[in-house]
Amino acid sequence: MIKKATIQIIILVSLIQTFSYAQRPGASYCGPHTISQPIILNGVHDTTISELSIHNPNGNCISLSNCNNVTITKCNLGPSQGNGIDLYNCNNITITDCRMDSVATGVYALHSHAISVKYIDVKNVIGPFPRGQMVQFDSVMGAGNQIDYNVLENISGQSYPEDAISVYMSHGSVLDPIEVIGNWIRGGGPSTSGGGIMVGDNGGSCIYVSDNLLVNPGQYGIAISSGTYIQILNNKIYAKQQSFTNVGLYVWNQYTSACSSNTASGNQINWTDHTGASNPYWDNGNCGTVNGWSTNSYDITIDSTILPVNILLNCNAASSNTIKDDIEKDIKIFPNPAQENFIIETSLTGKENTILVYGIEGKELIHQQLTNNRTQIDISSLTSGIYFIKFISGNTVQVKKLIKK
């Protein structure tokens, strides 16, 4: 069995982003850490939890309730009988550059808003069900919700994962959908219901899933099980034959909630089911027309080598304490919203930098080479609305949203 509301909104852009996988996502910080007892906070705001090492044989490592404006960074969490980080009714929580090992779930966010989980490493989620995720959003709402550039490694016999990433009953916004971008996921099973990235689970809307790499993630690769205005774009999915493998990508409404206006486009899949047959993708037909479905491809060149042999941070390596450049800190676009023009400012030098502007329908409208670190881009010819800015510097690509007044 495969396991596993509705908002009237305008359709989201179907722009296929491309990112460089040359640089490993995930955590960069190895230490030092200060050993700490488990942290339980209620009603705390405007604080940072940093550089702590926490394990908890009886529960969660870090628990936040009714908190806002909290950053959790550079922490080493687990082993834990509970979750690495557990959030309830929280707002504007940033989790970044943390490592977790042998936790029930890495990050679990319930009834929360503006939750950003980026650049974390998780090794071996152990459940049991309903836990067993690297990250799960449960009834997470609004803008500012991100699950981006994280790394998960589940080792058979040491883990019992369900869905590596689960977006359950959660709604993004039209201008700022829930992001699931650039994650590396390897290892899943033997659960016959769990898999890689599950979105629209029991409803949901405005979710953007792109440029993720999945290798042997479980029973399925990426799935839409309900929901509206969900986009699954430009992911690579591989699985060998195992006793629990079923399908690489599927769209199937399993609930009474609406399922429509979704897109699955440009995904490359090589998936072998438990019988030994190729089963890259499946549309059950009860979610209306899935935009872009014909552009998904069965690709035999997709194999386990889409991920390197070692995907977790190696803190024994001499270079592992060097924190990687965060391109998001190296590119600024302002003002935003803009009127007649905007300025792009970057600290990246010595490369041929290019700026592309796309409309909401994915059409390229502006293509301009950048000759210095601060360039004004004329958008006076564009009508008011939503646009996407793609910045290209060598092999690195970053996509940002721009609103023109």
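The values are calculated or read from the model by the stated rules, or taken from the named source; none is laboratory data. Remember, it's a predicted structure, so these values are computed and weren't measured experimentally. Quick reminder, even Gly has a Cβ in these numbers, built from the backbone with ideal geometry, and neighbours come from all protein chains shown.
Per-structure values
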item: Qualifying residue in the range 37-44 (condition: within 15 Å of THR105 (Cα to Cα), of a type outside the set (Phe, Trp, Tyr) and assigned to a strand (DSSP E or B)); result: no
item: So ILE147, is it closer than 26 Å to ALA258 by Cβ and in contact with a Lys or Arg (Cβ under 9 Å, 6 or more places away or on another chain); result: yes
item: Any hit, the range 168-175, residues being surrounded by 23 or more Cβ atoms within 10 Å (Cβ to Cβ), over 15 Å from the mean Cα position of the chain (by Cα) and not aromatic (Phe, Trp, Tyr); result: no
item: Residue selected from the range 35-69 under the condition touching an Asp or Glu at 6+ places or on another chain (Cβ under 6 Å) and farther than 19 Å from ASP121 by Cβ, by the criterion surrounded by the most Cβ atoms within 10 Å (Cβ to Cβ); result: SER63
item: Candidate set from the range 269-281 (those that are assigned to a loop (DSSP other than H, G, I, E, B) and not small (Gly, Ala, Ser)); member that is nearest to ASN212 (Cα to Cα); result: PRO280
item: Residue match in the range 186-193 (condition: modelled with pLDDT under 95 and not polar (S, T, N, Q)); result: no
item: Subset of the range 185-208 [crowded, with 24+ Cβ neighbours inside 10 Å and either of a type in the set (S, T, N, Q) or more than 17 Å from SER260 (Cβ to Cβ) (or both)]; result: ILE185, GLY188, GLY194, GLY195, GLY196, ILE197, MET198, SER205
item: One residue from ILE72, ILE115 being buried (at least 24 other Cβ atoms within 10 Å of the Cβ) and either of a type in the set (Gly, Ala, Ser) or under 21 Å from PRO177 (Cα atoms) (or both); result: ILE115
item: Number of the exception - THR322 against (1) among the polar types (S, T, N, Q); (2) at pLDDT below 80; (3) surrounded by 13 or more Cβ atoms within 10 Å (Cβ to Cβ); result: (3)
